[in-house]
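Take a look at the structure set out below.
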Amino acid sequence: MINFRIADEADTYAVSELLAALYEEVGHTPTAAEIADSFLQIDSNDLHSTLLALDDDEEPVGILTIVESIALYAGGRIGVINELYVVPKYRSEGVGKILLDAAKELAEARGWVRLEVTTPGEDYEKTLRFYEREGFMAIGPRYKYMLD
C-alpha cells in the first residue's frame, strides 16, 4: 500500500535523488547535491511543501512539490505543482494519483482557489493525459526569464 507524508530536512537525500531522476528524464541538469542544497533552503518556507509517496517498506517511490502563489486572474491564492515524479517501476500503479489527491486536499485545507501544474510539454503526451484525467485543463505554455 502506498502512503504519503510531507517531507522535511530528514528526507533531503530522498528528495534530491527523486528530483535528480526526474530532471534527468526531462533533460535538465541539476545534480542531486545541488537539489539537496535548494531543498534545504526552501524546506522551512511555509509556502512550499514537498510530498513523498512511500511503499510498504517506507521507501520513497514518488514526489510532488507544491508552492503557494497569488494570482489576480484566479481571484486569490493558488497552488502551483512544480514537480511530480514517480519511480518508473511504480508508474500506472496509482502513485501519481495519490500524490495529486494529497495536493488537492492540501489546497482545500489552505483555502486556495485553484491548483496549476507545470508540465514538461507536448512531448510528454502520456503525462498530459494523466493530468487531464485528474481534472486539470490546459491553460497555455509558460516561459522563463533567467536572472543572474
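In the range 30-49, is there at least one residue being in contact (Cβ under 8 Å) with a residue 40 or more places away in the chain and under 14 Å from the mean Cα position of the chain (by Cα)? Within the range 30-49, one or more residues are in contact (Cβ under 8 Å) with a residue 40 or more places away in the chain and under 14 Å from the mean Cα position of the chain (by Cα).
In the set (1) out of contact with any Asp or Glu (no Cβ under 8 Å at 6 or more places or on another chain); (2) surrounded by fewer than 18 Cβ atoms within 10 Å (Cβ to Cβ); (3) of a type in the set (Val, Ile, Thr), the condition left unmet by residue 2 is number (1).
Looking only at the range 61-83, decide whether some residue is part of a loop (DSSP other than H, G, I, E, B), in contact with a strand residue (DSSP E or B) (Cβ under 6 Å, 6 or more places away or on another chain) and touching a residue at least 40 places away in the same chain (Cβ under 8 Å). Checking the range 61-83: not a single residue is part of a loop (DSSP other than H, G, I, E, B), in contact with a strand residue (DSSP E or B) (Cβ under 6 Å, 6 or more places away or on another chain) and touching a residue at least 40 places away in the same chain (Cβ under 8 Å). The single residue among 114, 91 that is in contact with a helix residue (DSSP H, G or I) (Cβ under 7 Å, 6 or more places away or on another chain) and farther than 19 Å from residue 13 by Cα turns out to be 114. Considered as a group, the residues in the range 1-57 that are in a helix (DSSP H, G or I) and of a type in the set (Ser, Thr, Tyr) include one that is nearest to residue 82 (Cα to Cα), and that residue is 23. Cβ-Cβ contacts under 8 Å between residues 6 or more apart (or on different chains), taken from a first residue in the range 1-29 that is over 16 Å from residue 39 (Cα atoms) to a second residue that is of a type in the set (Asp, Glu), are listed as 1/56; 2/55; 2/93.
Residues in the range 1-17 that are under 15 Å from residue 53 (Cβ atoms) and out of contact with any helix residue (DSSP H, G or I) (no Cβ under 9 Å at 6 or more places or on another chain): 1, 14.
Residues in the range 94-121 that are surrounded by 10 or more Cβ atoms within 10 Å (Cβ to Cβ) and part of a loop (DSSP other than H, G, I, E, B): 94, 110, 112, 113, 118, 119, 120, 121.
Since every read-out is calculated from the coordinates, none of them should be taken as a lab result. Bear in mind that the values here come from a model prediction, so they are computed numbers and not experimental data. Every residue, glycine among them, receives a Cβ derived from its backbone with ideal geometry; neighbour counts consider all protein chains shown.
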